[in-house]
Structure formats: structure tokens, C-alpha cells
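Right, one structure below, let's go through it.
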Amino acid sequence: MISSTSDSNVKNLSRSRVDSDEFSLKIKFSKNKKVDTQKLHAYDIKKYVNPDNFNFSEDMQELIPKDTPPFYDNGENYVERIVRALGYFKQCACIGPSGTGKTHIVYLVAELTQLPLWEINCGLQTSAYDLFGRYIGLGKENWIDGIITSWCRHGGILYLDEANMMKQDVATKLNPILDARGHMVLNEKDNELINRHKDAYMIISMNPFSSEFTGTKPLNAAFRRRMSVWLNFDYMSVDNHIDEKEINLLLERTGVPRDTATSIVHVAAKLRQEYKNGDLPYGPSVGDLANWARIIADGASPVDAGNETLVAMTSDDYEIQDEVRKIITSVDWGITTTSNDPKELIILAIEKSLLEIGKPDLNKVKERLMDDYNRTLADCYDEPEFLSRILKDIYGKAHVTIIDSIKKNLGNMTSSQPIQKFLEQIAR
Ligand SMILES: Nc1ncnc2c1ncn2[C@@H]1O[C@H](COP(=O)(O)OP(=O)(O)O)[C@@H](O)[C@H]1O
Ligand SMILES: [Mg+2]
């Protein structure tokens, strides 16, 4: 029952008294749509799937992704093409190696279209109970829908990751939902027939490149025929193609200097090509590169940081790990530190200059420092004279070239007072 206290200031309200106990009024405030309209305007998708037409319950709205980062492509318009496929056929397949952003774009599409997202990884041992539902407790009173059943009843996007790994019994149950029949039958629940909700969309994804290492199965043939649109995904940078946008993405996400980000992407492009050739079990995603870059930005060398991240994540196999390490050391890393510590910069510059001649040269200088003077490279900052003597001794007149190279590698840091002092002393 609604009643309002008479208030002379609110005349209308005082007249709108409802004097009946049988009357009940439910007022529902529709929340503002959570989609960032700016984001939506960037894509021409409303003509295919229009978020304004949906009306999901509050529980379901919880399943709509939020704040999905942008997806970068080179004019392929993946977002629009996925939404177009959903608009016309209700379902679509995304094919591509792992780490190419398939999951990412599905989240973005769900956010842009304001569709709740139900996600299943078919490669995991998810039970039929979890997928279709079960009775809980004794007897047959309390049935709980599984993920697929919930999706079919209430709508949204069902995302089947690694769809080729799907078990046969799951595929068999999905087939009638996906064709003209558009329904599913729950044998477990007295053959209840559930019609596909009018806003129930499906996206499947699979990875065609993992066959050698993980024994990927081909997609179930009946299932394959029910997908009308197939979109191919690839890495932003691969082989000789380096995408500036991927470098920028690392800069955005991690704070490494640009030349480091560039070297990281070069390594990634090589690793990915090896993966596509079947020589490595995994190709790194931008996300993996960002993890590597974060450790470098914290002060670790690219090789050390690479060992902790990319090398270990690619494989347990030592030979394969060596292969990855080789690729990491094959690119030019410059002096990669975000530190302004003159001592650290000088050590790095000396190392790099000697490495440019060759690894044995670096080792030889280190050995001589230790054998003759009981010093390490780290001591050269405070006591440059030892390094100066050794360089003269090993390289004779050519030692000036090495000092020039150290200077060059210090770049614009040579204007700092302690570095100038070091350069003067070592040149004596
Ligand atoms: N084109 C892209 N634009 C933005 N981020 C991307 C892109 N491709 C991959 N990523 C990032 O790489 C990582 C792996 O992507 P993910 O969607 O999990 O790949 P997949 O599902 O294909 O294995 C995520 O951090 C994702 O944000
Ligand atoms: Mg994925």
C-alpha cells in the first residue's frame, strides 16, 4: 500500500493516495547501462546487435564484462566482424594461436553488446553436471542449471574456448541448439525441452597450432558445419613483421624504455614464428611480454628477467629453454635500465662495449680484473684506473676505441658529473 503524508508543498502527491490493501506497486528503476558510450561509438555494431534491445535481470547483468582494455588490430575490424556474425547467425568461430587476443575480444564484444558472458574452457575437465545441471540434495526436488543450460534459458554469449577439445557428449547435446531446431533436451531432468533464448549467442575459439605438442583434435565435424563465420587471429608481430602498436602497448602497460620494448617485440616475433613452425611449444602473448617487461623495468637484465618469465613458461625441457634463451640474446638490447644510478649505468656500458667485440673479450677483462687486482666490473666505477690499465695492456692503442664505445653507450648520460669524472679517469 502506498500512502503519502499530506504536505501542502506537494499538492499532487497528497492527492495520489492509494487506499487499498489489495494494490501493490512494484517500481523498478532501470540502471544506467554500464557501457562506456564513447567506447561503443568507436565501433559500428549497433546495426547488428543493439544493446538497447536487451533486458536482462540484475543477476545476469553481473555477468557483463566491464572495463575491457582496447583491442588493437590493423584495420581487420575484428570486433565488427564478430558482432556481424552474431547478428546474422547467432554464432561465430575464432581461430588462432594462443595469446592472439581471442578471449580478450570476446570480453570486449560482450561488454560492447551488453550481453552476459558464460565462459567454458573445453580443454579442462569440466563435468557434465557443471555444464548441464544436477539435482542437489535427496530426491528430485532441487535442480540447478549448469552453465550451458543457464545460457540457453536466459541468453547472453556462451564462449567455448578450445572448442576442439570438447567431449563428444557435450557436442551432441549442443548440436540441436545450434541448428534450426534451436532447443536443447535435458535427459537428466525428465527430458525437459528448453528453447534457445532469443538473445543466446555463441562464440567458439580454437588453436590450430598446438598439434605437435598437445595433440589437438580436429573440431567435431557436425559442430563445424553449424558455424557459418570463421575469423582467423594472428599475433600483432610475427617473424619479420613488427607492429608498432605492440611496442606502444608495452610502453603503456609497463614503463620500460622504448628501445627495450622494441627488442622485446623482436624476440617475441621470432619465438612466435618458431612456434608456428612447430619448433617451440608456445608463442608468447602481449600479456607475457608485459610480464617480462615489468621485471626488466624493476631493474633486472633482459636475460635474467627472460629466464624467470618467457624461458620457463615456454617449456620445462632444457633444450627448448636454451632455444628460447638463444633467441633472447640474439637481439640488440642496448643499455636497458630505467635506473639513473651512474654506477649501474657505467657497469652496463662497459659490459655492452666489450660484448660488442665479443663475449670472450668481456670474460677476459673480467678475469684479468680479478686475477691481477682482485676487482670486479662493479669496482670500476670507484677505481677506473685498473680497468684502464687492463684495456691498454690487452688492446694497446685500440683501447681508445673501447673507451669511445663506452662513452657512446652511455648516451646522453655523459653530461652527469660522476660519469664525466669516470670518463676522464679512464682516458688517462
Ligand atoms: N590485438 C590485441 N590487442 C590488445 N591486447 C591483446 C591483443 N592480442 C593479445 N592481447 C593481450 O594478450 C594477452 C593474451 O590474450 P588472450 O585473449 O588471452 O589470447 P587467447 O585467448 O587468444 O589465447 C592478453 O593480455 C590480451 O589482452
Ligand atoms: Mg583464451
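Could you please find all residues in region 222-281 being more than 30 Å from Thr172 (Cβ to Cβ), among the hydroxyl-bearing types (Ser, Thr, Tyr) and touching a helix residue (DSSP H, G or I) at 6+ places or on another chain (Cβ under 8 Å)? Explain how you work it out, then say what you get.
Quick first cut of region 222-281, residues more than 30 Å from Thr172 (Cβ to Cβ) only: 234-281.
Filter once more, so that each one left must be among the hydroxyl-bearing types (Ser, Thr, Tyr): 235, 237, 254, 260, 262-263, 275.
The answer is Tyr235, Ser237, Thr254, Thr260, Thr262, Ser263.
Residues that are within 16 Å of ligand 2 (Cβ to nearest atom), among the charged types (D, E, K, R), surrounded by fewer than 19 Cβ atoms within 10 Å (Cβ to Cβ) and assigned by TED's automatic domain parsing to the domain that holds Met227: does region 110-120 have at least one?
Within region 110-120 (the criterion being within 16 Å of ligand 2 (Cβ to nearest atom), among the charged types (D, E, K, R), surrounded by fewer than 19 Cβ atoms within 10 Å (Cβ to Cβ) and assigned by TED's automatic domain parsing to the domain that holds Met227), the answer is yes, since at least one residue qualifies.
What number of residues within region 100-150 satisfy the criterion of being within 16 Å of Val49 (Cβ to Cβ) and outside any loop (DSSP other than H, G, I, E, B)?
10
Do we find a residue being touching a His at 6+ places or on another chain (Cβ under 9 Å) and away from ligand 2 (no atom under 16 Å from the Cβ) anywhere in region 283-299?
no
Looking at (1) in a loop (DSSP other than H, G, I, E, B); (2) closer than 21 Å to Lys102 by Cα; (3) modelled with pLDDT of 90 or more, which one does Asp316 not meet, given that it meets all the others?
Tallying (1) in a loop (DSSP other than H, G, I, E, B); (2) closer than 21 Å to Lys102 by Cα; (3) modelled with pLDDT of 90 or more, Asp316 fails exactly one: (2).
Checking the condition surrounded by 18 or more Cβ atoms within 10 Å (Cβ to Cβ), in contact (Cβ under 8 Å) with a residue 24 or more places away in the chain, over 39 Å from the mean Cα position of the chain (by Cα) and in a helix (DSSP H, G or I), which residue from Ile346, Ile390, Ile327 passes? Before you say what the answer is, go through the steps one by one.
Values: Ile346 fails: over 39 Å from the mean Cα position of the chain (by Cα); Ile327 fails: over 39 Å from the mean Cα position of the chain (by Cα).
After applying the criteria, what remains is Ile390.
Only residues that are touching a residue at least 40 places away in the same chain (Cβ under 8 Å) and either crowded, with 18+ Cβ neighbours inside 10 Å or small (Gly, Ala, Ser) (or both): list them for region 121-150, please.
Listed by number, the residues that qualify are Cys122, Gly123, Ala128, Phe132, Gly133, Thr149.
Applying the selection to region 219-255, what residues are of a type in the set (Asp, Glu) and within 16 Å of ligand 2 (Cβ to nearest atom)? Walk me through it before giving the result.
Initially, region 219-255 is screened for residues of a type in the set (Asp, Glu), giving 234, 239, 243-244, 246, 252.
Result: Asp234, single match.
Tell me, please, whether a residue that is basic (Lys, Arg), in the same structural domain as Phe56 (by TED's automatic domain parsing) and either in contact with a His (Cβ under 6 Å, 6 or more places away or on another chain) or buried (at least 20 other Cβ atoms within 10 Å of the Cβ) (or both) can be found in region 186-198.
Within region 186-198 (the criterion being basic (Lys, Arg), in the same structural domain as Phe56 (by TED's automatic domain parsing) and either in contact with a His (Cβ under 6 Å, 6 or more places away or on another chain) or buried (at least 20 other Cβ atoms within 10 Å of the Cβ) (or both)), the answer is yes, since at least one residue qualifies.
Return yes or no: is Tyr72 touching a Pro at 6+ places or on another chain (Cβ under 6 Å), outside the structural domain of Tyr282 (by TED's automatic domain parsing) and under 30 Å from Val238 (Cα atoms)?
Working: touching a Pro at 6+ places or on another chain (Cβ under 6 Å): no; outside the structural domain of Tyr282 (by TED's automatic domain parsing): yes; under 30 Å from Val238 (Cα atoms): yes.
No: the conditions fail for Tyr72.
Would you check which residues across region 63-80 are surrounded by 18 or more Cβ atoms within 10 Å (Cβ to Cβ), within 14 Å of ligand 1 (Cβ to nearest atom) and touching a residue at least 40 places away in the same chain (Cβ under 8 Å) and list them? Steps first, answer last, please.
Going through region 63-80, the residues surrounded by 18 or more Cβ atoms within 10 Å (Cβ to Cβ) turn out to be 63-65, 78-79.
With within 14 Å of ligand 1 (Cβ to nearest atom) added as a condition, the list becomes 65, 78-79.
Within region 63-80, Pro65, Tyr78 meet the criteria.
Taking interchain pairs and intrachain pairs at least six residues apart, which have beta carbon atoms under 8 angstrom, with the first residue in region 85-100 and in the same structural domain as Met206 (by TED's automatic domain parsing) and more than 15 Å from ligand 1 (Cβ to nearest atom) and the second basic (Lys, Arg) and not in a helix (DSSP H, G or I)?
Gly87/Lys47; Gln91/Arg226
Restricting the search to region 238-279, which residues are at pLDDT below 95 and of a type in the set (Gly, Ala, Ser)?
Of everything in region 238-279, those that are at pLDDT below 95 and of a type in the set (Gly, Ala, Ser) turn out to be Gly255, Ala261, Ser263, Gly278.
Leu63 versus (1) assigned to a loop (DSSP other than H, G, I, E, B); (2) at pLDDT below 95: which is the lone unmet condition?
Every listed condition holds for Leu63 apart from (2).
Within region 283-311, work out how many residues are among the hydroxyl-bearing types (Ser, Thr, Tyr) and in contact with a Phe, Trp or Tyr (Cβ under 6 Å, 6 or more places away or on another chain).
If we filter region 283-311 for residues that are among the hydroxyl-bearing types (Ser, Thr, Tyr), which is where we start, we get 285, 301, 309.
Right, trim to in contact with a Phe, Trp or Tyr (Cβ under 6 Å, 6 or more places away or on another chain) and you get 309.
Of the residues in region 283-311, 1 are among the hydroxyl-bearing types (Ser, Thr, Tyr) and in contact with a Phe, Trp or Tyr (Cβ under 6 Å, 6 or more places away or on another chain).
Please verify whether Glu252 is in a helix (DSSP H, G or I) and within 20 Å of Val303 (Cβ to Cβ), treating the condition exactly as stated.
Values: in a helix (DSSP H, G or I): yes; within 20 Å of Val303 (Cβ to Cβ): no.
Against the criterion (in a helix (DSSP H, G or I) and within 20 Å of Val303 (Cβ to Cβ)), Glu252 does not qualify.
Identify, please: which residue in region 151-176 is within 16 Å of ligand 2 (Cβ to nearest atom) and assigned to a helix (DSSP H, G or I) and is, among those, surrounded by the fewest Cβ atoms within 10 Å (Cβ to Cβ)?
Met165
Can you work out which of the residues in region 300-311 that are touching a residue at least 12 places away in the same chain (Cβ under 8 Å) and not β-branched (Val, Ile, Thr) is nearest to ligand 2 (Cβ to nearest atom)? Can you show your working first?
Kept after step one, since they are touching a residue at least 12 places away in the same chain (Cβ under 8 Å), are these residues of region 300-311: 301-303, 305-311.
Restricting the remaining residues to those that are not β-branched (Val, Ile, Thr) gives 301-302, 305-308, 310.
Working: Ser301: 31, Pro302: 27, Ala305: 24, Gly306: 23, Asn307: 25, Glu308: 23, Leu310: 18 Å.
Checking each candidate, the answer is Leu310.
Can you tell me which residues in region 66-93 are within 14 Å of ligand 2 (Cβ to nearest atom) and under 14 Å from the mean Cα position of the chain (by Cα)?
Thr68, Phe71, listed by residue number.
Kindly indicate whether Lys352 is modelled with pLDDT under 90, surrounded by 16 or more Cβ atoms within 10 Å (Cβ to Cβ) and in a helix (DSSP H, G or I).
Numbers: modelled with pLDDT under 90: yes; surrounded by 16 or more Cβ atoms within 10 Å (Cβ to Cβ): yes; in a helix (DSSP H, G or I): yes.
The answer is yes for Lys352.
Go through (1) modelled with pLDDT of 95 or more; (2) over 23 Å from Asp169 (Cα atoms); (3) among the small types (Gly, Ala, Ser); (4) within 16 Å of ligand 2 (Cβ to nearest atom) for Gly96 and report which single condition fails.
The failed condition is (1).
The values are calculated or read from the model by the stated rules, or taken from the named source; none is laboratory data. Please read all numbers here as calculations on a predicted model, not as lab measurements. Note that each Cβ is placed from the backbone with ideal geometry, even for glycine, and that neighbours are counted across all protein chains shown.
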